[in-house]
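Scroll down for the structure; my scribbles are underneath it.
The values are calculated or read from the model by the stated rules, or taken from the named source; none is laboratory data. The structure presented is a predicted model; accordingly, all values stated were derived computationally and were not measured. Positions of Cβ are generated from backbone atoms using ideal geometry, with glycine treated the same way; all protein chains shown enter the neighbour counts.
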Amino acid sequence: MNDGEMNQETANRLFDIGAFIVFLAPPPAGIELGIDLHSWELGRRFSGLKLIPPGLHFIHSGGTLGRCGWLHYFAEREVVVANWDASAEKIVISPPDPTQSERLRANLESLDPFLGAYPLSATPDPSHTFTTYQRWLRLAKYITPTLVHRLVPSGAITEQHRLDTFHARRFEKIIPARLISRYRNNYKDLLAELQLSFIVFVVGQVYDGLEQWKVLVTLWCSCLELVEAESLMFVEFTGVLLSQLEELPHDFFVDAMSGDSFLRHALRSYASSVAATSSYHTPMRSKKINADLVKSMDALLDFVEGHFDWELRTEARLAAEGEDDEEGEYAPVVVDLDANDGDEAGLEAGKMTGLNDDDFDTVVIEQTDEE
């Protein structure tokens, strides 16, 4: 565990405020153990981790049964007691015991040679501008202890874990603009859910996290009429999305499981809406925010086009030209039908697409509920 070395000044500062994980029953040698975006293969004398910066962290391990992990908000100087469950091949966190924690804290100096230091300054991937810790801070910027407790009460994440407490799917039947308007004063909660779902998938390797992430990305990119009115929140969303996409390999969206169609379509629409904000007549402060949004969108598009080899600017321009054609001489012709003809035409259309008469009653009811 030598690739996370830090200078002595930083180490001394973290020794004063950093948290610790002490294993009373350590994992066996050869097990992969990690914290946040960094992982190691353990040696025989490993007894825990030290100098953990206060805040949210994800401790995870991998074995023959798959990856498992644990989300926790570390307080300054906190000592967390853990054990290795050999039968389940996972980390088990002991309930808080102030007496035991104080005893271990008094013994930290003797344990120090067997504790791995948090990789504060590690940059294992030369393609990244930021250190591993800086990347983690960007990925977890909006996540609060309250959110973690609400969505993952136990803190435990496993490959078999179903994110039943995640509620992103409740958004799917709500008009996006209406939803974002509802969250105007606490939109950072939506950004936090977006970040947590991404971490659960990428670090925790839970597929359900990817599905939640797709729902939330699509939601944000679909609020086209709010992009200009609420530019500040979209500046922050664009930054969050960029920090996430930077963590994905260039061929990630080639995989059938994570297919690119949803994201390409969403980003194409979003880019068109952001581009339109530059032509609006707005107060000076709004112009500044809109300029920031255009700048952050340019950074996102530059990365996506270079990393994933997508030509989103060209696609957005062609899509806009197609919309112009539909509004000009090639616009669809509207034919008025009387009430009876309309009902009959609707039912016939339903039969052509494989629906039956009862399905139309269901659709009407759902639409009425949303209003």
Those residues of the stretch 127-152 which are more than 13 Å from Y73 (Cβ to Cβ) and part of a loop (DSSP other than H, G, I, E, B) amount to S127, H128, T129, F130, T131, K141, Y142
query = Can you spot a residue in the stretch 178-185 that is at pLDDT 70 or above and assigned to a loop (DSSP other than H, G, I, E, B)?
reply = no
Note: among E32, E78, just one is more than 26 Å from the chain's Cα centre (by Cα), surrounded by fewer than 20 Cβ atoms within 10 Å (Cβ to Cβ) and charged (D, E, K, R), namely E78
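What are the residues in the stretch 73-103 that are under 21 Å from R13 (Cβ atoms) and not basic (K, R), if any?
Within the stretch 73-103, Y73, F74, A75, E76, E78, V79, V80 qualify.
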Of the residues in the stretch 35-45 that are closer than 29 Å to L196 by Cα and modelled with pLDDT under 95, the one that is surrounded by the fewest Cβ atoms within 10 Å (Cβ to Cβ) is E41
Please work out if S243 is polar (S, T, N, Q) and modelled with pLDDT under 85.
-> no
*Somewhere in the stretch 206-215, is a residue part of a loop (DSSP other than H, G, I, E, B) and in contact (Cβ under 8 Å) with a residue 24 or more places away in the chain?*
yes
Considering the stretch 246-261, residues that are at pLDDT 85 or above and in contact with a helix residue (DSSP H, G or I) (Cβ under 7 Å, 6 or more places away or on another chain), and then whichever is nearest to V200 (Cα to Cα), we arrive at E247
Of the conditions (1) loosely packed, with under 13 Cβ neighbours inside 10 Å; (2) without any contact (Cβ under 8 Å) to a residue 12 or more places away in the chain; (3) not polar (S, T, N, Q), the single one that F130 does not satisfy is (1)
Within the stretch 180-216, restricting to residues that are surrounded by 22 or more Cβ atoms within 10 Å (Cβ to Cβ) and more than 21 Å from L137 (Cβ to Cβ), the one that is farthest from the chain's Cα centre (by Cα) is I180
